[in-house]
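Contents: one structure, followed by commentary.
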Amino acid sequence: WLCVITSHARSLPFSTDSIPVVGEEVKFTYLFEAEIDKKEYLTRTYFFMDRELNPYKGAFLKNTEDTVVCRVIDYLDIESGVLHVFGMYMTYDIAFVYRDASCDLSISNIQFMEKSYFERQQESPRNLNLTMFTGKDILVDRRYTQLFKRGASDKIAAAAVARLNEVVVKLEAYFSE
């Protein structure tokens, strides 16, 4: 039983122990391989984005028959209690490049903003220039701290990587059906 859990844990594509950095930016990549053509990959991607992704907000940045790029904003509920809520909004670009029998996925341009700051910005008619943290700040350098929250960056990193793993695992299921 323990071997099954250990093997499943290793099968997750991303880990907080090895965050991929390209230049000065965190960039996650994954290759899907299935016996479907690129048109079917595109169809299944649309279905996934429409039915499963369930972000706070999203928008298409590029949409062709070979490539789809979306800007996604997810809310990460890191800790919730009766008297406190610790959450972050994570913004990232998710890109799909289609080929027959494969699809390259990349997740880049990752940024984080505290829940209260993000919600204040959403309510304001003007840009408030509030603090954002890059993926490298949080996931690699662990620069985020919060009073009375020990290991805040580690908790954010764990929640972010769990969300990205969830996306890849669900996409894997869609592409292999």
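The values are calculated or read from the model by the stated rules, or taken from the named source; none is laboratory data. This structure is a prediction, so every number in the text was calculated from the model and none was measured. Quick reminder, even Gly has a Cβ in these numbers, built from the backbone with ideal geometry, and neighbours come from all protein chains shown. Ligands, DNA and RNA are excluded from the accessible area calculation, which covers all protein heavy atoms including side chains. Shrake-Rupley method; radii C 1.70, N 1.55, O 1.52, S 1.80 Å.
Some values worked out for this structure:
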| read-out | value |
| --- | --- |
| Selection from 16, 145, 64, by position along the positive dipole direction of the chain (Cβ) | 145 |
| Of all accessible heavy-atom area on region 1-129, the percent that carbon and sulfur account for (1.4 Å) | 50 percent |
| Summed side-chain charge close to residue 128 - residues other than residue 128 whose Cβ falls under 15 Å, Lys, Arg +1, Asp, Glu -1 | 0 |
| Value of [θ]222 nm, deg cm²/dmol, for the chain, DSSP H segments ≥ 4, -39500 (n - 2.57) each, nearest 500 | -10500 deg cm²/dmol |
| Highest average packing first - 149-157, 131-139, 169-177, Cβ atoms within 10 Å | 131-139, 149-157, 169-177 |
| Local electrostatic count at residue 177 - Lys and Arg +1, Asp and Glu -1, tallied over other residues with Cβ under 15 Å | -3 |
| Region 43-86, Rg to Rh (Cα coordinates; Rh as Kirkwood inverse mean 1/r) | 1.18 |
| Gain in span if fully extended, residue 158 to residue 120, counting 0.36 nm per residue against the direct Cα distance | 11.2 nm |
| Accessible surface, 1.4 Å probe, highest first, among residues 31, 53 | 31, 53 |
| Lys, Arg +1 and Asp, Glu -1 on Cβ, resulting dipole of the chain about Cα centre, debye, nearest 20 | 620 debye |
| Over 30 Å (Cα to Cα) - which of 38/155; 57/136; 27/57; 62/155 fall in this group | 38/155; 62/155 |
| For Cα Rg over 2.2 N^0.38 Å, calculated from these coordinates, the label among (1) 1.04; (2) 1.10; (3) 2.01 | (2) |
| Modelled FRET efficiency - R0 22 Å, residue 64 with residue 101, Cβ distances, 0.05 increments | 0.70 |
